[in-house]
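Okay, structure first, notes after.
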Amino acid sequence: MLVLDEKEIRALTNAATAHEVVEQAFRALHRGEATLPGVISVPFSAPEGVAHIKAGRLHTDSTWTVKVSTDFEPEDGGPTIHNGLMLVLSATDGAPVALLLDNGYLTDLRTGAAGAVAADLLARPDATTVAIVGAGSQARFQLDALLQVRQIESVRVAARSPERGQAFVDEIASRWKLPAVLSTSVEAAVRGADVVVTATSSTSALVRADWLEPGSHVTAVGSDEPTKQELDPDVLHRANVIAVDDRGQASRLGELHHAIEAGAAREVDAVTLGELLEQAAEGRATADDVTVADLTGVGVQDAAIAGLVLSEATRAGRVRS
C-alpha cells in the first residue's frame with residue numbers, strides 16, 4: 001500500500017490540475033457515472049468540533065475513496081483546526097491501495113477547485129474584484145483557484161479576527177502580487193464586488209442580498225452541515241441562478257437548506273454544476289444576473305482528487321508497497 005504524507009502530496013498537486021479532475025467528477029455525477037453515498041457526521045463538544053466521513057467512486061476508476069475530515073474550534077478562540085486523511089481502496093477486491101495523510105490539504109484543494117468551477121461557469125467574464133469573507137486556509141485556496149479562471153485585479157478581505165485578516169491581506173500582496181485591503185465589515189467588502197467568496201465556519205448569516213451588486217456572483221463553501229450558515233436566505237431568493245454540487249445534499253446541509261426552511265427557495269430551483277457543465281441547465285443569462293454557488297462538498301470530489309494524487313505519484317515513480 002502506498003503511503004504519502006502532506007509534503008509529498010503537495011508536491012504532486014496544484015490548483016490547475018485539481019480544477020480539471022474536479023470538473024470531470026461533476027460531469028460524471030450528472031451523467032450517472034459516479035456513486036455518491038450519504039455523508040456521516042460526528043459532532044464533538046469541549047472543544048466543539050465535527051468529523052465528516054465522505055465517500056465516492058468514479059465508475060471509470062479502478063479505485064474508490066473514503067475521506068475523513070475534521071474541524072475543531074479551539075476554546076481559546078483561535079483559528080479552526082482542520083485535519084483529515086483519505087483511504088483509497090480497490091474497486092475490484094476492496095483491498096487498500098493508498099493512504100493519503102494530507103492533514104486536510106486535499107479537502108481544501110478540491111473545495112477550492114469546486115469554487116473555481118462554479119466561478120468559471122457563473123461569474124461575469126469581466127469580473128475583476130473579489131470580496132473574500134474569511135481568512136483561514138480555505139480562503140487562500142479559493143483565491144488561488146479563482147485566479148485560474150478570472151483576471152482578478154483587487155481583493156477585499158473581511159475577517160472575524162483583524163490580525164488574521166491583515167496577515168491574509170499581506171500574503172495576498174506578497175504571494176499573488178495583488179492589491180488587497182482589510183475591510184471594516186462584511187458589508188463594506190461585499191458592496192461593489194464582482195465576486196463574493198464566503199469561507200467561514202459561521203452559524204449565522206453574514207451576507208445579505210441588498211449588499212450585492214447587479215451581475216455579482218457568490219460562492220459559499222462554509223455551510224457543510226445544518227447548523228452552519230453564511231448567506232441570508234434572501235440572497236438565494238434574489239439569485240437568478242442557484243447552483244449546487246449535489247441538489248439533495250445541499251437541501252439538507254447547505255445554504256439551500258436554510259433558504260428552503262425560510263420559504264425563500266425550493267430544491268427544484270437549484271441546478272447542479274454537472275448540469276451546467278453538460279449544458280443540461282442554463283446558467284447566467286445577462287450581465288446583471290446575480291448567481292450563487294452553494295457548495296457542500298461531495299465525495300466524488302474526494303475520489304477525483306485522490307485519483308489525481310495516485311496518477312501523479314505513479315508518474316513520479318512512486319511504487320506502491
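Structure data summary
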{"quantity": "FRET efficiency, LEU101 to GLU48 (Cβ-Cβ, R0 25 Å, nearest 0.05)", "calculated": "0.55"}
{"quantity": "Local net charge near ASP71, Cβ-Cβ under 11 Å (Lys/Arg +1, Asp/Glu -1)", "calculated": "-3"}
{"quantity": "Theoretical FRET efficiency, 1/(1+(r/R0)^6), r = Cβ-Cβ of MET1 and GLU33, R0 30 Å, to 0.05", "calculated": "0.65"}
{"quantity": "Cα pair distances of segment 19-146 binned at 5 Å [whole percent]", "calculated": "2, 9, 15, 19, 20, 15, 11, 7, 2, 0"}
{"quantity": "Cα-centre dipole for the chain with unit charges at Cβ (Lys and Arg positive, Asp and Glu negative), debye to 20", "calculated": "620"}
{"quantity": "Extended-chain gain in nm, criterion 0.36 nm per residue less alpha-carbon gap, THR227 and GLU153", "calculated": "23.2 nm"}
{"quantity": "Of PHE168, VAL207, GLY56, farthest towards positive along the dipole that unit charges on Lys, Arg, Asp, Glu beta carbons give the chain", "calculated": "GLY56"}
{"quantity": "Separation of the ALA280 and ARG238 label points, Cα + 7 Å toward Cβ, nm", "calculated": "3.1"}
{"quantity": "Charge dipole (debye, nearest 20) of segment 108-297; +1 at Cβ of Lys and Arg, -1 at Cβ of Asp and Glu", "calculated": "480"}
{"quantity": "Within segment 265-318: Cβ-based charge dipole about Cα centre, in debye rounded to nearest 20 (Lys, Arg +1; Asp, Glu -1)", "calculated": "440"}
{"quantity": "Local electrostatic count at SER223 - Lys and Arg +1, Asp and Glu -1, tallied over other residues with Cβ under 9 Å", "calculated": "-4"}
{"quantity": "Distance in nm between pseudo-label sites at ARG315 and ASP126 (7 Å out along the Cβ direction from Cα)", "calculated": "3.7"}
{"quantity": "Estimated 222 nm signal from helices in the chain, with DSSP H stretches of n ≥ 4 weighted -39500 (n - 2.57), rounded to 500", "calculated": "-10000 deg cm²/dmol"}
{"quantity": "Euclidean distance of C-alpha centroids, segment 1-47 and segment 125-168, integer Å", "calculated": "22"}
{"quantity": "Reachable lysines from LYS177, criterion Cα separation under 29 angstrom, eight or more residues apart if same chain", "calculated": "LYS7"}
{"quantity": "The chain - percent relative contact order, Cα under 8 Å, separation 6 or more", "calculated": "21"}
{"quantity": "From the coordinates shown, percent of Cα pairs over 34 Å apart corresponds to which of (i) 41; (ii) 23; (iii) 18", "calculated": "(iii)"}
{"quantity": "Cα-based reach from LYS228 at 28 Å (exclusive), listing lysines while leaving out same-chain residues under 8 positions away", "calculated": "LYS54, LYS67"}
{"quantity": "Fewest-first sequence of PHE26, PHE141, PHE72 by Cβ atoms within 10 Å of each Cβ", "calculated": "PHE72, PHE141, PHE26"}
{"quantity": "Residue-count net charge about ALA167 - beta-carbon cut-off 14 Å; Lys, Arg +1, Asp, Glu -1", "calculated": "+1"}
{"quantity": "Relative contact order of segment 108-297, pairs being alpha-carbon contacts under 8 Å that are 6 or more residues apart, as %", "calculated": "22"}
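Throughout, read-outs are computed from the coordinates displayed, never taken from laboratory work. Please read all numbers here as calculations on a predicted model, not as lab measurements. Here the Cβ is made from the backbone with ideal geometry for all residues, glycine too, and neighbour counts use every protein chain on show.
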